[in-house]
Structure formats: C-alpha cells, structure tokens
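The values are calculated or read from the model by the stated rules, or taken from the named source; none is laboratory data. The structure presented is a predicted model; accordingly, all values stated were derived computationally and were not measured. A quick note on method: Cβ atoms are made from the backbone with ideal geometry, for glycine too, and the neighbour counts reach across all protein chains shown. Keep in mind that these areas ignore ligands, DNA and RNA; they rest on the heavy atoms of the full protein, side chains included. Shrake-Rupley method; radii C 1.70, N 1.55, O 1.52, S 1.80 Å.
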Amino acid sequence: MSNSIESVLVETRVFPPPASAVQGATISGMDAYRALAAQAERDPDAFWARMARENLQWTKPFTQVLDESKAPFYRWFGDGELNVSANCLDAQVAKGNGDKVAIIFEADDGKVDKITYSQLLARVSRFANGLKSLGYKSGDRAIIYMPMSIEAVVAMQACVRLGVTHSVVFGGFSAKSLQERIVDVGASLVLTADEQIRGGKQIPLKPAVDESLTMGGCEAVRKVVVYKRTGGKVDWTEGRDVWMHDVEAGQPDACAPVPVNAEHPLFILYTSGSTGKPKGVQHASAGYLLWAILTMKWTFDARPDDVFWCTADVGWITGHTYIAYGPLACGLTQIMFEGVPTYPDSGRFWDMIARHKATIFYTAPTAIRSLIKACEGNPKTHPSQYALDSLRIIGSVGEPINPEAWMWYYKNVGRERCPIVDTWWQTETGGHMITPLPGATPLKPGSCTLPLPGITAAIVDETGEDVPAGNGGFLVIKRPWPSMIRTIWGDPDRFVKSYFPPELKGYYLAGDGAQCDTDGYFWIMGRIDDVLNVSGHRLGTMEVESALVAHEMVAEAAVVGRPDDTTGEAVVAFVVLKRSRPEGAEAQAIAQQLRDWVAKEIGPIAKPRDIRFGDNLPKTRSGKIMRRLLRVVAKGEAITQDVSTLENPAILDQLSKSL
Ligand code: WT7
C-alpha cells in the first residue's frame, strides 16, 4: 500500500454539487441516489431485471435474472439473446440518430475526421461482411493490436457483430507479450496497423505481429488484417496478410447482427496479477453492456447533446467501456484522440476540449499530475488560457488521485463548477463501482465516495467480517453484479483462487486495501497484492521479475514499487548477476541493457526506473526474499524495522545506493 493514506485522511474539505449539476441529472440529489440504492438492496433480481429490460434490446427476452447455481461462476440473464453491436449502432440509427456524429477523431497532427452513426454502422457492417467471407464466425477469437483510431472501434464492433470474441492488446506491448496473448486466447485472427503515430513519431506495429507469429504456438492464426495508417513500409506474407480496406471493399453496407446468448464471451482483456502470467479477464455480453450504459447515465449523467471525451487507449478496459461500447450504446458524440497530451505542447487537451466543445472529460491522475508540472512551467499552455466553459463533468480513473492534484483539476479545469467523478473500478468489474454521482454526491478530494446502486462494496478483515469505520481492510463486493468478470480465460481455478478466497464468505475480493470514513465514503489505499500501479497501468512485480531472470546475465531479481510524484509508483529492481557485482559505468551500461530487455519482454511501461545490483538479496534464514525491507530501501529511507531474522543484513547497505 504505497499511497500516502495519512495525508489523504486529514482531508476535510467537502464540495457539494452545484445546483446546475443537480438539476435534471439522471440521479438528481442524494435522496434519489438513496432511493435507487434501496430499491436494488430490497430486491436485487427485480432491480437488475428492470434495468436490463429498459436499457437493452433483446432478440430473445430473458426469463432468468441471476443464476447462482455454479457460484462463483455467475450467469446473468442467461436464457436471453442479443447482439452488442446492434445495441450500440443499429439502435441509434433506429432512434433517429443516424446523422448524429458518433466519433470526432483527432489525429496526432491535428487532422479531424468525423463519422456519423449511420456511416459507422455501414463501415462496421462492410468489415464484418469481409471477415465473414474470410470464414470468421461466432466463437472465434481475434487479437486486436491497433492504434487509437476509428478503425479500432470498427474492428471491435465488427467482431462483436459476428459473435467473434476480441482481445485487444495495447500497442505499447512487445512482440513477446503479444505472442503470449495470441497463444493463450487461441486466436485465429489478428487485426493490426502498419504503424501508429504518437507525439509526431511513427512507431511500427506490424513488425511486432510478424515477430510474434514466428515465436511458436500461433499456428491457429489464419489471417492478419492490416489497417493502413501511415503507408509506411511493411513486410508482407502472401496468403496470410490482407489490408483492412481490401477486406471491406465491395462488401454490402448491411450485415445482420448475429444474436448471441447473454453470457457469450464478449471480450477477453489481459491484466496483471500477482504471478508472472497475466490473467485473461473474460467478460460476458449482456451484463457488461448493461453496466456500460448505466454507468454512462449515472456517473457521467449522459445527455443527448453531450460531447464525451475519455482519453484512455482502447487497449485498456477504460477504452473498452467508455469509448468502444458505453458512449455508442448511449448515442453520444465522443472525441477520440490518437496522440499524447504533451504534443505539440502541454495545452493539447485543453485546446481540444475548447475546439470540440467537450462537455465531459475523463482522464487519469498520472496525466493530470504530469500536466500540472508541464502547464505550471509553461503558462501559455495553462488551462486558464483556454475556453473550457463547455465542460460540465470531469472524471478521474485508474489510481488514487491525491488531494493536491484533485484541487488543481477542480480549480483549473473544472473552474470550481464541474463535479469531479473519481471512479474506482477494475478490468474485472467492467465498469465504475464506487464513484460520486455528479448531480448528487458531495465530494471529498481523494475519496471515490460511495458505491453505485446495486453495488454492495464493503471493507472486511481476513475472515470476511465488516471492519468499523476508520479501520483499514480488504475491499470486497458482497453480491454479484451483471458486469463482473466471468472467469479467467482457460484457468477457472485461478479465477476462484484470485477473487473468491474461501475465508471471505464468497465475497468478490478486489485486491485493494481501503477504508471507509464515518460518512461511509471509501478511501482506496492501494493494492494488497504484488501488483504495482504505474501511470494508471497495472503491472505485476512477478511479471517484471520473470522478465529480468530470463536475461542470460541475471541470477536473481526482486521488484518493488516506490511512490512517485508523477507516475504514482515507479518500478525498482534489485538484481543479482551471475557474474560479480558491477560498479560505476559498467553498472550503468548493464542496467540500460536490462531496461531495454524488459521493454522487449513486456513493453516500455514495465521498464525499471531504478536498478540496483547486489551480491545477494536480503533473505530470511529460510530463503524468503524480504520485500518489505526492499520497499524501504527503494524509497531511500533508513531501515527501522527488525532485521534480526535476516540472513545477511550487510546486503541492505549495498542495495541502498542508486547507480
Ligand atoms: C486497479 C485496477 C479502472 C480502470 C483502469 C484501471 C486502481 C482504479 C482507482 C481510483 C484508486 C484506483 C485500483 C484497482 N484504481 N481506479 N479511482 N482510485 N485506485 O484498471 O488496470 O484493472 O486496475 O486500479 O488499485 O484495483 P485496472
């Protein structure tokens, strides 16, 4: 638990929602929130059934709501059928939103492309027809390794239209990570682009796909479909590789959506856990989409004239729920951005909000913190220099937001008039779980406030008993909810072990430590497992360790997180080489080699910020690495703990020095 909970809990300021936010909100005022939560509490089945009937279009209506007979493998609306793409696109066209802009795409270089709902439906249909003609059908799995683009959304929606389960891999992951996911998911199709463009630089994507497919285990992949983003040079495997525009060409504009069971796997998204191997989080169709829609309406108070902007990449869960599905299913106009917040300068976000008149803006604390530094240092790019009056709600996601960053965001971006929705959730939860409602909840900087209606969040001890307000404990969700993870793809045992440990009474264990204050507000303290949060990205310490020990020079490695002002946490690696401990320039050079190696094994986000070499690691007499001490050493603090159980105390001195 790396976040400065002490500093957070002395926070006493409370910001009630302005009258303008309360008026006309989907959930308007705390009484409305309490009434809805009470309804869900009284009769959960009736509540969820009503929500699913009112918010989704079913080709075959469901008669069962929650099936707990195989708990914790829950099923929701399990005898119903629908198609998620039809609920996102066809539904909008049928409602008369055909000519409404669905996506305003802004490229890295500022070029803007707009696509309406009917145009998007036609493109998705043409591409789906093309995939069908290549033999793809319901039950197949596709890997999507694409940059932020309308094409990425087309790819996701086209898969879903056919019942093909997608697994999006963030473009920053290496060929090796990509291959592991292709193998684990059993993909027969890979969708990619020639290159991506970020911050003025062209970054190749297809070579990573080519490389991953030579690594073995990917024999099921029949086709690689390539979106031509830059026209950069690519290698081409005849018979396997095909351009996306050629797949679409000549295909009819209509493609009947394939009805699937409510529980049909909509997508699999990999995330880090406490072992070396990422977990394939599997989501179902109906329950996931229902929660995407409800959270759009409740947390973002979605209204027809909103211009919604979520800055996440589609490679993460945030980009799934709040770009590819939620905003479309609610018929909003949304902004999608290819580039980075600091290019051409750190005013890019504010400039885009002003130009496109965004009304809802949703980003991560790490972006806010780095922009605070950049904008305070370059007054021309400060948010005060831009017309941000279109904004009415601003949001935060991915990690705890410290009160200082919260206040800056509230004052400078929200102009003390826009509620901040600090949304706590996870890849596994599918959508927001604990979050303020902009037209109801009084805000406390640093707290994600209260659970949404239907979400039974609580803080418990190691026996599953509720702990009193003010005490830390495990964050759990007591009852199942429709958008919850269904299983870990291919590893049901790990699913049960990770999320439903027997001592916790069948509650869903989120993996976060947290506490509630006397108002019932939740304060997230950080992960309780060996998972780090670096710039809002989850990273397993074991994953980085496995990558390091895979290097021929490395004998042993231990990885811990160190609090960092900008990225939340930074990766610190303690390494024992097979040869003697290097020093000086040689140590620097080897550290650089190891950093590059980790980038190649996992991706640049996993690169250790700091590498320390030792003759050994601090171990107990039974040989267990003492990570608790390493965390202290990584912070550069003096050891005050008892080290009497340590086999080799002198090693701490050696490891405490940065290169
Ligand atoms: C972990 C989940 C949620 C989508 C993006 C990240 C941390 C997430 C918050 C928040 C404090 C947060 C938790 C959680 N986290 N949102 N508002 N306040 N912590 O999804 O990669 O699955 O990571 O991110 O530790 O368990 P993810």
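Could you work out the mean projected area of the convex hull around the alpha carbons of the stretch 378-486, in square nanometres to one decimal?
Spelled out: convex hull of the Cα atoms, projected over all directions, averaged, 8.8 nm².
All other residues whose Cβ lies under 15 angstrom from that of Asp113 are scored, Lys and Arg at +1 and Asp and Glu at -1, for a net of +1. Across the stretch 176-297 the C-alpha pair distances fall into 10 Å bins from zero in the proportions 11, 29, 35, 23, 2 percent. In a solvent-free Debye calculation with one equal scatterer on each Cα, what is log10 I(q)/I(0) for the chain at q = 0.06, 0.08, 0.09 Å⁻¹, listed in the order of the q values? Calculated log10 I(q)/I(0) at the listed q: -0.32, -0.58, -0.75. Shape call for the stretch 1-128 from the C-alpha gyration tensor, a ≥ b ≥ c root eigenvalues: rounded (a/c under 1.5), prolate (a/b greater than b/c) or oblate? Note, shape of the stretch 1-128 comes out oblate.
Would you mind telling me the share, in percent, of accessible area of the stretch 232-378 contributed by carbon and sulfur at probe 1.4 angstrom? That fraction is 55 percent. Rounded to whole numbers, the Karplus 3J(HN,Hα) couplings from phi for the stretch 327-343 are x, 5, 5, 9, x, 8, 8, 10, 9, 10, 10, 7, x, 10, x, 10, 10 Hz, using 6.51 cos²θ - 1.76 cosθ + 1.60 with θ = phi - 60°, and x at Gly and Pro. For the stretch 31-157, a crude dipole built from +1 on the beta carbon of Lys and Arg and -1 on the beta carbon of Asp and Glu, taken about the Cα centre, is about 360 debye to the nearest 20.
Put the Cα centre of the stretch 438-490 next to the Cα centre of the stretch 323-374 and the gap is 28 Å. Considering the stretch 470-552 at the alpha-carbon level, its Rg and Dmax are found to be 15.4, 54 Å. A 1.4 Å probe run over the stretch 487-578, with the rest of the protein chains in place, finds 35 Å² accessible per residue.
Most tightly packed first, judged by the mean number of other beta-carbon atoms within 10 Å of their residues, the peptides 460-470, 478-488 read 478-488, 460-470.
Among the GluC sites (Glu not before Pro) in the stretch 349-423, those located in a DSSP loop and surrounded by at most 10 other Cβ atoms within 10 Å of their own Cβ are Glu416.
Compute, for the chain, the length of the dipole vector about the Cα centre, with Cβ point charges of +1 (Lys, Arg) and -1 (Asp, Glu) only. Units Debye, rounded to 20.
Numbers: 69 positive and 76 negative charges, 127 e Å.
Value, rounded to 20: 620 debye.
How would the stretch 247-342 be classified by its alpha-carbon gyration tensor: rounded, prolate or oblate, with rounded meaning a/c under 1.5 and the a/b versus b/c comparison settling the rest? Rounded, since a/c falls under 1.5. The distance separating the Cα centre of the stretch 217-265 from that of the stretch 266-291 comes to 22 Å.
What is the antiparallel percent of DSSP beta bridges lying wholly in the chain, to the nearest 5?
Details: 58 of 97 bridges.
The antiparallel fraction comes to roughly 60 percent.
Charge dipole of the stretch 219-261 (Cα centre as origin; +1 on each Lys and Arg Cβ, -1 on each Asp and Glu Cβ, all else neutral): 140 debye, rounded to the nearest 20.
If the viscosity is 1.306 mPa s and the temperature 10 °C, what translational diffusion coefficient in µm²/s does Stokes-Einstein give for the stretch 289-443 when Rh comes from Kirkwood over Cα pairs?
Details: Rh = 15.4 Å.
After rounding, the answer is 103 µm²/s.
Translational diffusion of the stretch 542-659, estimated by Stokes-Einstein from the Kirkwood radius over alpha carbon pairs at 4 °C in a medium of 1.567 mPa s, is 90 µm² per second. Selection among Ala292, Met336, Ser125 by position relative to the dipole of the chain gives Ser125 as farthest towards the positive end (Cβ unit charges, Cα centre). Think of the chain as having a plus end and a minus end, set by charges on the Cβ of Lys, Arg, Asp and Glu; of Pro257, Met433, Ala514, Pro257 sits farthest toward the positive end of this dipole.
Would you please put 584-596, 422-434, 259-271, 625-637 in order of how densely packed they are, using the mean number of other Cβ atoms within 10 angstrom per residue and starting with the highest? All intermediate terms of the calculation are to be shown ahead of the outcome.
On the way: 584-596: 14.4, 422-434: 25.3, 259-271: 22.9, 625-637: 17.7.
Ranked from most to least packed, the peptides come out as 422-434, 259-271, 625-637, 584-596.
Let me make sure I get this right: for the stretch 451-502, a, b and c are the square roots of the gyration tensor eigenvalues over alpha carbons, sorted descending. Under 1.5 in a/c it's rounded, otherwise prolate if a/b > b/c, else oblate. Which is it? Because a/c hits 1.5 or more and a/b fails to exceed b/c, the stretch 451-502 counts as oblate.
Excluding ligands, DNA and RNA, what is the solvent-accessible area per residue of the stretch 325-475 at a probe of 1.4 Å, expressed in Å²?
On the way: 4190 Å² over 151 residues.
Averaged over the residues of the stretch 325-475, the accessible area is 28 Å².
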